[in-house]
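Read the structure below first, then the notes.
The values are calculated or read from the model by the stated rules, or taken from the named source; none is laboratory data. This one's a predicted model, so the numbers in the text were calculated from it and none came from an experiment. Please note: Cβ atoms are built from the backbone with ideal geometry, for glycine as well, and neighbour counts cover all protein chains shown. Surface accessibility is based on the protein's heavy atoms, side chains included, excluding ligands, DNA and RNA. Shrake-Rupley method; radii C 1.70, N 1.55, O 1.52, S 1.80 Å.
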Amino acid sequence: MKMSAREIKAAMRKQTPDIEKDEYYMKQALKLAKKAMDLGEVPIGCVIVYQDRIIGRGYNRRNTDKTALSHAEITAIKKATSFLKDWRLEDCTLYVTLEPCQMCSGAIIQSRVTRVVMGTMNPKAGCAGSVLNMLEMPEFNHQAFVTRGVLEEDCSALLKTFFKQLRVRLKNPLAE
């Protein structure tokens, strides 16, 4: 029997997050973030989990695909909805290495993701607690249960390394 969104939210609030499981899936998202970095993209990775199985994967490919829509979360949502053959991801957990932007936060809410686990916050563009908190706004018809700071140091370090290398490349483009 499928639980209603209200029942799912109530159950999620009563649960203590499984730290080991959260770290395992965040490590999978980090592997995808490294794929983005290998392409010269901002290293952001995302996995969506349903019944302890990864059903959607994505990593940042904006420059590669030449579209603002190629965010890790959007790609993972597309793959997860394709797998489930439904646009609703009500019983799913989304793991992402960097706090989602406004577009991705909107897609998360629209797809009814139950839980979002984030690595590091994004103080300049994050819409899951930094600039805005779209994921937990009671004004929307859906809210996600949010866990922040899972493998935060690893996620943050990867981003810092990328931007440090980018600044060096921009300063000296012939050094490659």
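Extension gain, Leu39 to Asn63, is 7.7 nm, computed as 0.36 nm per intervening residue step minus the present C-alpha separation. When the C-alpha to C-alpha distance is required to be over 29 Å, the pairs from Lys79/Lys164; Lys31/Lys78; Lys85/Lys124; Lys27/Lys124 that qualify are Lys79/Lys164; Lys85/Lys124. Residue-wise HN-Hα couplings along the range 125-138, as the Karplus relation 6.51 cos²θ - 1.76 cosθ + 1.60 with θ = phi - 60° gives them from phi, are 8, x, 10, 9, x, 8, 6, 9, 10, 5, 6, 10, 6, x Hz; Gly and Pro carry x. Residue separation of Thr161 and Trp87 scaled by 0.36 nm, minus their Cα-Cα distance, works out to 23.1 nm of gained length. Here, the chain yields an orientationally averaged convex hull projection of 10.4 nm² when only Cα atoms define the hull. In the full protein context, the chain carries 57 Å² of accessible surface per residue, based on a 1.4 Å probe and ignoring ligands, DNA and RNA.
Phi angles of the range 89-104 translate, via the Karplus equation with coefficients 6.51, -1.76, 1.60 and θ = phi - 60°, into HN-Hα couplings of 10, 4, 9, 10, 10, 9, 10, 9, 6, 10, 3, x, 6, 5, 5, 5 Hz per residue; Gly and Pro are given as x.
Packing, as the average of other Cβ atoms within 10 Å across residues, places the peptides 135-144, 84-93, 51-60 in the order 51-60, 84-93, 135-144, highest first.
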